[in-house]
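The structure appears below as structure tokens.
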């Protein structure tokens, strides 16, 4: 199913059921960050096994607890760094359990948020670019 088709399905389901779900389109980064900071938790959903999405770093920087529905490299990273609750991608029960766990354990959410922000700070794009520049310079 294409991303557009998936979004249409989600929009239909959200409209049919009483919920507080709002689907928003693309928006400028500062506005997106404002929305993310207003959330109780942020979900990262990644099907790929061999990649770590750049969105992880951006989401970690906003300082909200993260739930990562993922597998492979991304799952290993979030578990190793303790920056998110990892659940298997596509497992709705595990996702619901992670939401309940965050809701019932505010300290867990605070701990994940703090670790995620520190992780993001240590992996800022500017810092990574400087490391590459320093490496290239050292090879001269």
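The values are calculated or read from the model by the stated rules, or taken from the named source; none is laboratory data. Please read these numbers as outputs of a predicted model, since none were measured by experiment. Don't worry about glycine lacking a Cβ; one is built from the backbone with ideal geometry, like all the others, and counts go over all protein chains shown.
Okay, here's what the table says:
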read-out	value
In the stretch 10-30, the residues that are over 23 Å from residue 84 (Cβ atoms) and either touching a helix residue (DSSP H, G or I) at 6+ places or on another chain (Cβ under 8 Å) or surrounded by 11 or more Cβ atoms within 10 Å (Cβ to Cβ) (or both)	11, 13, 14
Segments classed as helices (runs of 4 or more DSSP H), wholly inside the stretch 4-121, with at least 1 members that are at pLDDT 90 or above and in contact with a strand residue (DSSP E or B) (Cβ under 9 Å, 6 or more places away or on another chain)	55-61, 72-81, 92-104
